[in-house]
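Working notes, beginning with the structure itself.
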Amino acid sequence: MKTTTFLSCVLFSLAACRKETEPMLSDPCTAGNQSDGTGGAAYYTFDFSKGSKGWDVEGPANFKYNADTGNTAPCVSGLAKKASGSWYFKAPASVIKALNQNKSYGRLLLFDLLAKSSGDINEPAVIMEGYNHKLVYNFVNNPTDQQWTTYTISLSERGGWRNETTDGTPATRSQIKHMLLNVNKLLIRGKFNNETGAGYLDNVTLE
């Protein structure tokens, strides 16, 4: 009986320790699967299954939550108000908080895009802003409106980030770490043409 009681206490203590090591995010409704970073599981997932939860657009576009559309429905979209210029999907505070944590350096930022690409709009595809500085990333291949494209970007000096503009100097390890600790804005481009069509975003994940 004493042996059984001792083993029960040990197992209970180990379970409590595992729970304490899991990263905690501010909004459990949007957190999705989480891990301690030792495996390939998602640290933060936003699949829009519980609504848009603070996502919005920045620039001349109308934001929309699409319950029946998506790479894995639902998703969010923006519809351009004018043919010229670009607009971006703007991440909510819960995503910024996930990036601000120490464990975000070296992780992968993944998301799905569906958007028509035409013409040559020389603007960054992804932007992180903070401490009066900007790090930008540009796609090798822009999305299409024929099928969803999944992008995977390393949050490290190997990821292809640059300072301020797409022609800027490559971001260093220290610059990226400093940005992640101080980032206050994450933008993902939704318009890749000189028309007034829509762009769609789904499955934003940190892993």
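Every read-out reported here was derived from the displayed coordinates using simple, explicitly stated rules and does not represent laboratory data. Please read these numbers as outputs of a predicted model, since none were measured by experiment. Backbone-built Cβ (ideal geometry, glycine too); neighbour counts: all protein chains shown.
Subtract the Cα-Cα distance of Asn62 and Val140 from 0.36 nm times their separation in residues, and report this length gain in nm to one decimal.
Result: 25.4 nm gained on full extension.
Would you please name the GluC sites (Glu not before Pro) within the stretch 123-204 that are DSSP coil residues with at most 15 other C-beta atoms within 10 Å of their C-beta?
Glu164, Glu195
Work out how much length Asn184 to Asn132 would gain on full extension: take 0.36 nm times their residue separation and subtract the Cα-Cα distance, in nm to one decimal.
17.7 nm
Tell me which residues come under 5 Å, amide H to amide H, from Asp56 once H is placed; ignore anything under 5 positions away on its chain.
Residues meeting the criterion, in which the H sits 1.01 Å from N, are Lys90.
At what distance in nm do the modelled label points of Glu123 and Thr169 sit from each other, each positioned 7 Å from its Cα along Cα→Cβ?
In this crude spin-label approximation the distance works out to 2.7 nm.
Give me D for the stretch 49-113 in µm² s⁻¹, whole number, from Stokes-Einstein with Rh from the Kirkwood sum over alpha-carbon pairs, 4 °C and 1.567 mPa s.
97
So what J values fall out for the stretch 143-160 if you push phi through Karplus, 6.51 cos²θ - 1.76 cosθ + 1.60 with θ = phi - 60°, rounded to Hz, Gly and Pro as x?
Result, ordered by residue: x, 10, 9, 8, 7, 5, 10, 9, 10, 10, 10, 6, 8, 7, 5, 8, x, x Hz.
For the stretch 126-207, rounded, prolate or oblate, judged on the Cα gyration tensor with a ≥ b ≥ c (square roots of eigenvalues), a/c < 1.5 rounded, else prolate if a/b > b/c?
prolate
Given H placed 1.01 Å from N in the peptide plane, which residues other than close sequence neighbours of Asn193 have an amide H under 5 Å from its amide H?
Ser118
What percent do you get for the relative contact order of the stretch 37-184 when only Cα pairs under 8 Å and 6+ apart count?
Relative contact order for the stretch 37-184 comes out at 21 percent.
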